[in-house]
1. For the stretch A:46-87, give me each residue that is at pLDDT 80 or above, surrounded by 15 or more Cβ atoms within 10 Å (Cβ to Cβ) and part of a helix (DSSP H, G or I).
2. Kindly check whether there is at least one residue in the stretch B:114-121 that is modelled with pLDDT under 90, at positive phi, facing chain A (nearest Cβ under 9 Å) and touching a helix residue (DSSP H, G or I) at 6+ places or on another chain (Cβ under 9 Å).
3. For residue B:145, work out the one condition from (1) in contact with a strand residue (DSSP E or B) (Cβ under 8 Å, 6 or more places away or on another chain); (2) touching a residue at least 60 places away in the same chain (Cβ under 8 Å); (3) surrounded by fewer than 20 Cβ atoms within 10 Å (Cβ to Cβ) it doesn't fulfil.
4. Give me the residue from the stretch B:38-73 that is without any contact (Cβ under 8 Å) to a residue 24 or more places away in the chain and facing chain A (nearest Cβ under 10 Å) and, out of that set, farthest from the chain's Cα centre (by Cα).
5. Take the residues in the stretch B:72-89 that are touching a strand residue (DSSP E or B) at 6+ places or on another chain (Cβ under 6 Å) and modelled with pLDDT of 85 or more; name whichever of them is farthest from residue B:47 (Cα to Cα).
6. For the stretch B:202-217, what are the residues that are more than 19 Å from residue B:239 (Cα to Cα) and in a helix (DSSP H, G or I)?
7. Across the stretch B:150-182, what is the number of residues that are at pLDDT 95 or above, within 14 Å of another protein chain (Cβ to nearest Cβ), in contact with a helix residue (DSSP H, G or I) (Cβ under 6 Å, 6 or more places away or on another chain) and in a loop (DSSP other than H, G, I, E, B)?
8. Residues B:215, B:207: which one is within 14 Å of chain A (Cβ to nearest Cβ) and farther than 22 Å from residue B:30 by Cα?
């Protein structure tokens, strides 16, 4: 099945959960936030959240930052999901 | 003759800053902070330099941004591998957000990432100045406070807006000294002084500091803390500047508490006239 992860089209095995996805991508579950089709998931729900074909997943974490930096990039990376929300 | 009088309970120093400031802690929303110098973690060469600079600054509050995890290059290290949330208060920001909607989204994502309810709220109004959109800021702050966030808003040096932020439940207010990364120092000392006089929550001067004297001045005016990033990270020697900032903050704070002499136009002799030939 096809899933959009952090703006990239990816193919995964059917029926995987968010926990499986993080594991496959080699991302530790602590200190990440996951948004599935614009809904922020509770960390405790990762193992039960089964992904479906066409889902959009955003995986975020903390990076160095003081105040606004690289603002053009920052803006761009959320535009796709925002327009999706308004549909 | 009494030697107690109004003298300070403050003990002579041995050069150890932590000891100097130990009896003067900053408390916001029930959280106690050791350092009055807060630092951002952007623009450093690498995480090791970030950590060394933060420690040279003596900062226990560090701001971080929330961004997409790089899923294609997974060998990259995590900032929080270097900054253990047990040792530092991690303050996620909503930097880069130009709308209330985006700021809310990033704040909620930051909380979901599991550090705390703290958020440094930024709603930016303009790309060139990076001045806050204060109307959007107040709106976003109101919503986040209702959702249980501890909202520390980055705002303009406007006393009215600062009061409105307090009215919607912000436990501290963070007015800018000058535009982010500008290094111009305190551009509007009179507004800042009005904010410090009229606002009854801690005031953290955020953004625009260029060098140690700027930080000292903010503290001498009575600011409760100063948050900076570029002034340290952008210095030729960031580690040395971090240390300089630490002394600037401590010197300014002590001078504020000690109470400066009034400015006078004419001289006042400091040596007695009695006993002169």
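The values are calculated or read from the model by the stated rules, or taken from the named source; none is laboratory data. Everything numeric here is computed off the predicted structure, so don't read it as measured data. Methodologically, a virtual Cβ is constructed for each residue, glycine included, from the backbone with ideal geometry; neighbour enumeration extends over all protein chains shown.
1. Correct list: A:46 only.
2. Within the stretch B:114-121, one or more residues are modelled with pLDDT under 90, at positive phi, facing chain A (nearest Cβ under 9 Å) and touching a helix residue (DSSP H, G or I) at 6+ places or on another chain (Cβ under 9 Å).
3. Looking at each condition in turn, residue B:145 falls short on (2).
4. Within the stretch B:38-73, the match that is farthest from the chain's Cα centre (by Cα) is B:72.
5. Ranking the candidates gives B:89 first.
6. Listed by number, the list holds a single entry, B:217.
7. Number of matching residues: 1.
8. After ruling out the rest, the residue left standing is B:207.
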